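A short worksheet on the structure shown next.
What follows draws every value from the coordinates through simple rules; no lab data is involved. This is a predicted model, so every value here is computed, not measured. Ideal geometry is used to build each Cβ from the backbone, glycine not excepted, and the neighbour counts take in all protein chains shown.
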Ligand SMILES: *Cc1c(COP(=O)(O)O)cnc(C)c1O
């Protein structure tokens, strides 16, 4: 067998030399200052992030998970409350709800966008619904106008962990609901050198609560008005993110160009019926955190690609309502058919800004040859 050059699903080692230099300089500054927690470096990042997104407040926190947790805490979510969310997401969105003693209530997705279906959401809302939490999956916003409409007075928390840079009818995600949670986990479109996240909000009171809760509810030294947590962002991460933020627009444009190139190859090859390419809903800017296709016989196709040296991933093979830890919620298989079908069919192809055109071509052609 001839050896093949592997194409990874994601390669975090391929980035610009100029960026490495800039990060090193910023990190050195932090060591000289001796200030590793909060301070001017964090404030600079928060200001630039808020500008980029067009939101009144951006607060750096320790991870996307903690951003969700602290956002829900700021809205007073606790035991006896319900939070409606998507069963087709990374674990953290439902995990944050359960950790506060509230009940995650799931509503099925739209099969085209993989995001919360506003009609199913409407059916899931009860008098106990405290928050509605749509997840903008793979880089595309959920259908926010009908989601806000059916939510009425119930506050909406956006899980924007996969969608920095995306927009919905001209509005940046993270500015549409009452509060939003960003993740800067290294694999995200804007990735730190470790765990990091942010909360955004246009509401002054919520911003003040988040600022308080991320510091153990401290109002002045050793005085605590409420029980929060240590949800702070490390200055080293803020410095890395400030340097990387200047490249985000360029990286996002490249992700979109990669998605277009994949799409062109599939269309030229008359792929119909074999590969379902991502659907970009009208009025939405999709930032392709993942380029996810649907294929029948996904695991066989995936093994074929692996044989050809091509890395792929499955986000997510087990829907949240079927997770062992949520067994006591009483959900059963078959309850969210769109989610369960997606979990069987989705396949994420290599997608990162430094992916090269010849690599894209090889991935697309190998997929076409493998899918029936
Ligand atoms: C990554 C992610 C999170 C959690 O972010 P961390 O920074 O890893 O804690 C939450 N929700 C979604 C949809 C994510 O993709």
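Dividing the helix sum by the residues of the chain, where each DSSP H run of 4 or more adds -39500 (n - 2.57), gives a mean residue ellipticity at 222 nm of -11500 deg cm²/dmol. Multiplying the residue separation of residue 205 and residue 260 by 0.36 nm and removing their Cα-Cα distance gives an extension gain of 15.6 nm.
Averaged over residues, the count of other Cβ atoms within 10 Å places the peptides 210-218, 295-303 in the sequence 210-218, 295-303, highest first. Computed over region 106-145, relative contact order equals 40 percent, with contacts defined as Cα pairs under 8 Å that lie 6+ residues apart.
Beta-bridge orientation, the chain: approximately 65 percent antiparallel, per DSSP, counting only bridges with both partners inside. Could you calculate the FRET efficiency of residue 5 with residue 27 from 1/(1 + (r/R0)^6), where r is the beta carbon distance between them and R0 is 30 Å, rounded to 0.05? Efficiency, rounded to the nearest 0.05: 0.40. If R0 is taken as 30 Å, the Cβ-Cβ distance between residue 122 and residue 171 corresponds to a FRET efficiency of 0.90. Subtracting the Cα-Cα distance from 0.36 nm times the residue separation, let me have the gained length for residue 250 to residue 372 in nm, one decimal. Gain on stretching residue 250 to residue 372: 40.4 nm. Across the chain, C-alpha contacts under 8 Å between residues 6 or more apart give a mean separation that, scaled by the residue count, equals a relative contact order of 22 percent.
The calculated FRET efficiency for residue 224 paired with residue 354, based on their beta-carbon distance and R0 = 41 Å, is about 0.35.
With 0.36 nm allotted per residue and the present C-alpha distance subtracted, the residue 281-residue 361 stretch has 26.3 nm of extension available. Under the simplified labelling scheme, the residue 16-residue 187 pair shows an inter-label distance of 2.5 nm, with each label point 7 Å from Cα along Cα→Cβ. With the convex hull of its Cα atoms as the shape, region 17-245 has an orientation-averaged projected area of 12.6 nm².
For region 55-94, report the % of Cα-Cα distances exceeding 16 Å. Roughly 45 percent, rounded to a whole number. Using the average count of surrounding beta-carbon atoms within 10 Å as a protection proxy, the listed peptides 313-322, 134-143, 80-89 rank, highest first, as 134-143, 80-89, 313-322. Distance from the C-alpha centroid of region 107-133 to that of region 245-292: 26 Å, rounded to the whole angstrom. Under the criterion of Cα pairs below 8 Å and six or more residues apart, the relative contact order for region 1-139 equals 19 percent.
Simple spin-label estimate for residue 329 and residue 341 gives 2.2 nm between the two label positions (7 Å along the Cα-to-Cβ direction from each Cα).
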